[in-house]
Amino acid sequence: MKHISILLFILFCGIFANAQNHSGSGKPGSQNIADGVISGYVFEKESKAPIEFANIVIYSKRDSSIVTGGITDKNGYFKIDKVRYGKFYVDINFIGYGSHTIPEIMIKPDSKTLNLGKIYLEINAEMLKEVSVEATVNNVDYRLDRKVVNVNQDIISAGATAVEVLENVPSVETDIDGNVSLRGTESFLVLVDGRPSPIQGSEALQQIPANTIESIEIITNPSAKYEADGVGGIINVVLKKEKRKGYNGQVSANYGTYNSYGADALFNFRTEKINFFVGGEYGNRIFRGDAISNSISFLNGDTTFNLNKFSDSYRLRKSGSARLGLDIYLNDNEILTFSGRYGLSGYGMGSEAWAESFFMHGDSLYNPYYYLTENAMLAKRSYFSGDVNYMKNFKKAGHELQIFGSIAGDFSDEEDKYDEFETDILRNPIGALLSEYRTIETGNGNTLTGKVDYVLPLFTKAKFEAGYQIKYSTQDNDYRYQTIVSQEWTDDTTRLNPYIYSRNVQSGYLMFSNYWKKLGYQFGLRTEYTDRLFHQTTSDQKWTYNKFDFFPSAHISYQLPADMQVLASYSRRLDRPRGWYLDPFVEVIDPNNIRQGNPNLLPEYTNSFDLSFQKKFGPNFISLEAYARQTTNKIERITEVYEPNPSIFVMTFDNIGEDISIGSELMANLNLTSWYNLNISGTAYYYEIISEEYNSANTFTWRTRLNNTFKFKKTGTSLQVGGFYRGPSISAQTTEEAMWMVNVGVRQDFLDRKLAISANIRNVFLSMKHESITETPTIYSYNLRQPKYPMFNISITYKINDFKRRNDNGDEQIMEGADDGI
């Protein structure tokens with residue numbers, strides 16, 4: 001298995017060689033003497049944003065007949081080959097914009113290549129009022145290097161968050177706690193409008209309302225331009241904004257099961273020289289469920305300790321934030337953007353549980369203990385971020401300089417309270433309060449980021465890119481364990497745990513991309529230097545980590561005949577341990593469970609290979625992906641028996657070894673009629689864990705997703721029925737059982753689509769659950785958690801002045817120009 005990288009490289013090369021042999025065949029002796037080339041870029045005049053799918057039509061100057069034509073790509077670029085010699089005029093147009101005509105051009109033997117440079121189109125406001133464009137927009141678009149989720153088309157997630165949007169997306173998995181994993185790992189980089197989010201991971205996605213999102217991009221093999229953090233790849237959330245002049249906005253509100261509710265609003269004002277936007281959101285989401293756990297620790301001989309719990313639990317998630325931004329258009333080629341965000345969040349969970357513990361020796365039971373517990377945890381957090389971005393477009397199309405700086409900070413306060421009462425075997429209380437304690441954890445952190453990106457076009461489609469970034473973060477944390485002494489909460493001074501965690505990462509990258517005939521290629525190399533310090537201030541113990549790492553990336557595409565394209569890509573990425581993963585101090589979860597970090601934990605590294613094929617059939621397409629991932633220094637959560645007390649289980653982290661994942665994903669988007677769309681996907685993969693200290697294991701499993709969308713244009717009604725199945729999975733100690741879920745949503749549009757009311761039911765059959773078995777030589781544990789009821793939600797959205805999204809070069813959206821060499 002260790003030679004998997006070489007084997008896959010040979011496999012990719014063989015596929016490309018075969019593809020080139022087939023596509024290169026044609027009729028013997030076929031020639032075309034027309035060898036002229038016309039190229040250029042098309043932008044919107046006001047925002048300087050590239051216009052995708054603009055039409056370029058070449059007319060004969062002599063008789064105005066159509067000679068040839070083409071359309072622009074996502075970067076506004078077009079290139080028309082095989083133009084015959086002669087005089088022509090060119091018309092450039094796109095729906096909703098005024099046309100632009102170039103009265104005369106000439107292609108001749110000594111001037112075969114003509115670059116028309118930058119062409120600007122103006123928005124035609126009157127045309128926008130008169131024309132209603134009924135475009136076919138898919139729920140999920142499968143591009144060669146990414147998957148794009150069009151959130152406006154997802155009825156089931158209306159009124160929810162980005163997590164629910166991702167439930168039915170290939171390569172992504174979610175669980176009942178709102179945790180997100182990408183290609184089997186919870187390590188991924190979250191970007192918002194192409195910039196790092198002040199909050200990372202699943203927590204960031206849990207706090208972004210679905211109604212404020214335009215699209216979500218899933219990129220499993222990013223180029224060297226982007227930070228190497230996140231072995232799974234990148235999840236980029238593109239928020240709704242407006243690019244047209246005037247005042248626009250959108251307001252939404254929702255209400256759901258367990259008295260959950262939320263609201264959000266976004267307003268935008270734009271003139272020739274500035275664009276100002278402000279938005280805010282608030283959400284209060286409640287979940288209730290049941291849980292069962294059975295744990296056994298194996299002691300000496302035939303003796304075991306047994307702990308069984310039956311819980312009625314709840315989870316509470318509150319969030320509120322405000323964001324604003326200002327784009328200043330200094331001139332036609334320079335944009336200065338200021339943006340900021342401030343947010344408050346609260347996460348709570350609690351349970352009322354009945355438990356029994358006892359020892360077994362052979363068939364003899366002794367020391368039984370029955371008790372009730374009340375556990376409540378509430379974590380509060382506030383955070384802020386401020387960004388400034390300068391974008392310079394030079395005279396030559398594609399020649400760019402971008403300078404970005406940001407500051408972000410957060411403050412957290414978490415309290416966890418535990419009460420315990422003794423009962424009899426029938427769960428009747430038989431005594432007073434036996435145990436009462438609470439833990440308090442506070443922290444604050446800051447992150448400073450500065451980076452410069454430069455793009456230099458070289459010739460035709462070739463370009464060179466370079467950049468540098470510095471990112472410094474620090475976290476100051478304090479942990480206290482308290483009990484009641486003389487009717488007052490008092491610190492246990494033996495359990496104080498203050499620490500400081502700091503990390504300085506400096507990085508730089510170089511990239512080159514080009515097209516040669518039908519072959520596109522992009523190669524990049526990124527280097528990052530990590531300086532890490534974990535300092536336990538009470539004991540004055542310090543653990544340091546310093547290392548240079550290199551992260552190459554490669555993307556190679558080939559255009560096959562008949563709307564077919566293939567892309568092979570490779571990237572190397574890493575997952576750096578979080579601060580609390582490293583903390584060696586013992587922290588109490590409950591009397592039978594504790595947590596202890598590992599200060600010697602190393603980053604994990606992943607080599608990722610993807611091979612993608614896409615075939616279009618008019619408005620339909622099929623996408624096939626094959627992938628392989630090899631991870632070393634694999635970080636996993638480990639459960640062990642606490643040696644000083646066998647009735648206590650300790651949760652920690654360790655580098656267990658390596659793992660290998662090889663699989664394929666088949667995705668199809670079929671517009672079967674004008675009113676019915678079927679989006680279906682399936683994943684099958686082999687997964688293997690190779691470990692010397694822990695159990696090595698392997699499995700073959702599969703997953704599938706199905707989404708049906710029915711649109712009745714005459715009534716303005718849309719219906720969506722979707723669901724997924726996820727097969728069993730394994731880790732070093734645990735097996736996760738299979739699960740499935742079905743969701744239904746309906747949306748009704750009113751007032752010429754200005755007002756929309758959506759209602760949805762998620763987890764219709766209560767089949768969404770978390771069921772797992774953990775087995776080691778010293779532990780057996782079974783856990784089952786599932787919701788009490790399906791989740792119902794109703795959402796209302798109103799658009800002010802026909803609000804639509806903004807997409808300009810002031811935002812470093814990852815879609816725009818991220819891999820345009822491909």
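The values are calculated or read from the model by the stated rules, or taken from the named source; none is laboratory data. In this text, all values refer to a predicted model and were calculated from it rather than measured experimentally. Positions of Cβ are generated from backbone atoms using ideal geometry, with glycine treated the same way; all protein chains shown enter the neighbour counts. Ligands, DNA and RNA are stripped out before the accessible areas are found, and what is left, the full protein with its side chains, is counted by its heavy atoms. Shrake-Rupley method; radii C 1.70, N 1.55, O 1.52, S 1.80 Å.
Modelled spin labels at residue 642 and residue 177, positioned 7 Å past Cα toward Cβ, are 1.9 nm from each other.
Between residue 717 and residue 600, 0.36 nm times their residue separation minus their Cα-Cα distance comes to what? Show your work: numbers first, answer last.
Working: separation 117, 0.36 × 117 = 42.12 nm, distance 5.70 nm.
Using 0.36 nm per residue and subtracting the Cα-Cα distance, I get 36.4 nm.
Please identify every one of the chymotrypsin sites (Phe, Trp or Tyr not before Pro) in region 442-481 that sits in a loop by DSSP and has no more than 13 other beta carbons within 10 Å of its own beta carbon. It would help to have the intermediate numbers written out before the result.
Values: sites: 454, 459, 464, 468, 472, 479, 481; in loops: 459.
Loop-located and lightly packed - 459.
So, in Å, what gap is there between the alpha-carbon centers of region 168-199 and region 709-771? The two parts, judged by their Cα centres, are 18 Å apart. Given their separation in residues at 0.36 nm each and the Cα-Cα distance between them, residue 300 and residue 755 gain 157.0 nm when the chain is fully extended.
Tell me the carbon and sulfur percent of the accessible area for region 640-787, rounded to whole percent, probe radius 1.4 Å.
On the way: 4120 of 6980 Å².
About 59 percent, which is the carbon plus sulfur part of the accessible surface.
Per residue, how much accessible area does region 448-493 have with a 1.4 Å probe, in Å²?
With the other protein chains kept in place, region 448-493 gives 54 Å² per residue.
Sorting the segments 516-524, 580-588 by their residues' average number of neighbouring beta-carbon atoms within 10 angstrom, most packed first, yields 580-588, 516-524. Distance from the Cα centre of region 286-323 to that of region 494-511, in angstrom? Centre-to-centre distance over Cα atoms comes out at 31 Å. Accessible surface computed residue by residue for region 173-259, with neighbouring protein chains in place and a 1.4 Å probe, gives 22 Å² per residue. Taking Cα centre as origin and charging only the Cβ of basic (Lys, Arg, +1) and acidic (Asp, Glu, -1) residues, the dipole magnitude of the chain rounds to 4240 debye.
Can you figure out the FRET efficiency of residue 680 with residue 493, using R₀ = 41 Å and their beta-carbon distance, to the nearest 0.05? Intermediate values should be presented prior to the final figure.
Details: r = 60 Å, r/R0 = 1.47.
Approximately 0.10, to the nearest 0.05.
Look at the dipole of the chain built from charges on Cβ: of 598, 791, 499, the Cα furthest out on the positive end belongs to 791.
What is region 437-555's relative contact order, in percent, from Cα pairs under 8 angstrom and six or more apart in sequence? Don't jump to the answer; show the numbers that get you there.
On the way: 279 pairs, mean separation 25.8, N = 119.
Contact order relative to length: 22 percent.
With the whole protein complex present, residue 662 retains an accessible surface near 70 Å², based on a 1.4 Å probe.
Quick one: which of 87/112; 48/87; 45/225; 273/471 span more than 23 angstrom between C-alpha atoms? From 87/112; 48/87; 45/225; 273/471, over 23 Å: 48/87; 45/225; 273/471.
With both labels modelled 7 Å from their Cα along Cα-to-Cβ, the residue 434 to residue 738 distance reads 4.1 nm. Relative contact order of the chain, taken over Cα pairs closer than 8 Å and 6 or more residues apart, is 11 percent. Restricting attention to the chain, close to 95% of DSSP beta bridges with both partner residues there are antiparallel.
Output the peptides 724-730, 534-540, 206-212 sorted from most to least packed, where packing is the average of other Cβ atoms within 10 Å over each peptide's residues. Could the numbers behind the result be given before it?
Values: 724-730: 18.3, 534-540: 14.7, 206-212: 24.7.
Highest-to-lowest ranking by the protection proxy: 206-212, 724-730, 534-540.
Rounded to the nearest 10 degrees, the inclination of helix 4-23 to the longest alpha-carbon principal axis of the chain is 30 degrees.
Among the lysines, which have Cα under 30 Å from the Cα of residue 788 when same-chain residues fewer than 8 positions away are ignored? Excluding near neighbours in sequence, the set is 309, 318, 380, 417, 769.
Site pair residue 539 and residue 374 shows an inter-label distance of 3.6 nm when each label is modelled 7 Å from Cα along Cα→Cβ.
Shown here for region 412-493: trypsin sites (Lys or Arg not before Pro) in loop regions (DSSP other than H, G, I, E, B) with at most 14 other Cβ atoms within 10 Å, namely 427. Aspartates and glutamates within cross-link reach of residue 395: Cα-Cα under 13 Å, excluding same-chain residues under 8 positions apart? Once the sequence-local aspartates and glutamates are set aside, what remains near residue 395 is 332, 334.
Rolling a 1.4 angstrom probe over region 142-201 with all protein chains present gives an accessible area of which 43% lies on carbon and sulfur atoms. Excluding same-chain neighbours fewer than eight residues apart, the aspartates and glutamates reachable from residue 517 by a Cα-Cα span under 19 Å are 35, 73, 81, 563, 819, 820.
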